[in-house]
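All remarks here apply to the structure that follows.
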Amino acid sequence: MPLEIVRNDITKMKVDAIVNAANESLLGGGGVDGAIHRAAGSGLLAECRTLGGCKTGKAKITGGYNLPAKYVIHTVGPIYNDGNQGEKALLESCYRESLTLAKEYNCETVAFPLISSGVYGYPKDQALKVAIDVISDFLLENEMTVYIVIFDKAAYKISEKLFSDIAEFIDDNYVDEHTNYRRESIRMNAPMAPCAKRKKADVDFLEICDCKALPLEEDLDAKLKQIDESFSQMLLRKIDEKGMTDAECYKKANIDRKLFSKIRSDIHYKPSKPTALAFAISLELSLVETEDMLRKAGFALSHSNKFDIIIEYFISKGNYNIFEINEALFAFDQSLLGA
Ligand code: ADP
């Protein structure tokens, strides 16, 4: 998945580069900066001393020393004042400059902490939005896997409004489903008249056999020849209908090129549910079309789990931004969309 939000300690990430939320001196500090210096060892500070500091919004690179990461990219986030002092532009610049450096050093995997969101006071939900926006823009043009590393659950919050809207939507749908489910099970458990039972079974059988006197094998053969378009065929058709290029589609789906090629070359490819949904979101399919695409992969949307309800919430709002959807899924402890 090109962009992933993970919960971890960034010093443990086995990636080509981790990003440090440093201060202008580059000589170490508290928070994530302190943790990175402690884990990297004194060699890191020695190299940082040779760099002559770093301006806010800029980035510089060093080795990773004792860290599992090969490089550390040091960037200096803005101190948050009231949001009207150019903080957003500076924070965006931190992500862009760090990604540009990572690309220059041929990094394929990069991990970011939520820059400025600790001691520097940038509101966490807004800091996360800036991170997601800049990284996803970059990924539209570049092949890289980028992790946003959230240190602890308390340090993470999507906007209150979005959270409560989704929570309400989940509540409503759970209630509906459970009420229906209860009604359904009462009906299912009620004794059924034997003839009614037989009638239903007969109808099913006639439907299968199409009421003709064909030998079963031949008929099955005929049925199998009418097999529906596969997931992969539907995906490629929809890409064409929407006038998208393949790359536009898989990038917007947060799916990497290799997986897309696999799906493209195998018409019987069976994707996972998150992958199938990621494409539905990327193609901006309606709820009905999404269900259709999911069915082709052998899945359905159900009101019995939060993951599905959250997806339904975003589709019904016409919000097809996969990164925002993943942000919400993460907040509700659900698996993320994409490969
Ligand atoms: P800043 O000064 O830029 O605000 P901080 O280090 O105070 O930097 O905090 C930036 C973010 O890094 C915070 O959200 C904090 O929770 C997080 N953080 C702190 N330690 C770690 C760690 N070991 N791994 C990942 N994130 C961390």
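The values are calculated or read from the model by the stated rules, or taken from the named source; none is laboratory data. Since the structure is predicted, the reported quantities are computational estimates derived from the model, not experimental observations. Please note: Cβ atoms are built from the backbone with ideal geometry, for glycine as well, and neighbour counts cover all protein chains shown.
Go through (1) crowded, with 17+ Cβ neighbours inside 10 Å; (2) under 22 Å from R7 (Cβ atoms) for N321 and report which single condition fails. With respect to (1) crowded, with 17+ Cβ neighbours inside 10 Å; (2) under 22 Å from R7 (Cβ atoms), N321 is out only on (1).
Conditions (1) crowded, with 19+ Cβ neighbours inside 10 Å; (2) more than 30 Å from S335 (Cα to Cα), marked per residue:
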{"residue": "P2", "(1), (2)": "yes, no"}
{"residue": "V15", "(1), (2)": "yes, no"}
{"residue": "I18", "(1), (2)": "yes, no"}
{"residue": "S42", "(1), (2)": "no, yes"}
{"residue": "C48", "(1), (2)": "yes, yes"}
{"residue": "Q85", "(1), (2)": "no, yes"}
{"residue": "A89", "(1), (2)": "no, yes"}
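Tallying residues that are within 33 Å of the chain's Cα centre (by Cα) and closer than 19 Å to V76 by Cβ within segment 25-43 yields 12.
Go through segment 1-57 and give me each residue that's of a type in the set (S, T, Y) and either in contact with an Asp or Glu (Cβ under 9 Å, 6 or more places away or on another chain) or within 13 Å of the ligand (Cβ to nearest atom) (or both). Those that are of a type in the set (S, T, Y) and either in contact with an Asp or Glu (Cβ under 9 Å, 6 or more places away or on another chain) or within 13 Å of the ligand (Cβ to nearest atom) (or both): T11, S25, T56.
In this structure, is E97 part of a helix (DSSP H, G or I), assigned by TED's automatic domain parsing to the domain that holds Q126, modelled with pLDDT of 95 or more and not aromatic (F, W, Y)? Criteria met by E97.
Within segment 71-105, restricting attention to residues that are over 19 Å from F138 (Cα atoms) and of a type in the set (F, W, Y), the residue that is nearest to the ligand (Cβ to nearest atom) is Y80. Scanning segment 123-155 for residues that are near the ligand (Cβ under 7 Å from one of its atoms) and aromatic (F, W, Y) yields one hit, F151. The single condition among (1) without any contact (Cβ under 8 Å) to a residue 60 or more places away in the chain; (2) surrounded by fewer than 18 Cβ atoms within 10 Å (Cβ to Cβ) that S304 does not satisfy is (1).
Can you name every residue in segment 111-155 that is of a type outside the set (G, A, S) and in a strand (DSSP E or B)? The answer is F112, T145, V146, Y147, I148, V149, I150. Of the residues making up segment 186-200, not a single one is at pLDDT 80 or above, assigned to a helix (DSSP H, G or I) and away from the ligand (no atom under 16 Å from the Cβ).
Residues that are small (G, A, S) and modelled with pLDDT of 95 or more: does segment 221-234 have at least one? Yes, there is a match, as at least one residue in segment 221-234 is small (G, A, S) and modelled with pLDDT of 95 or more.
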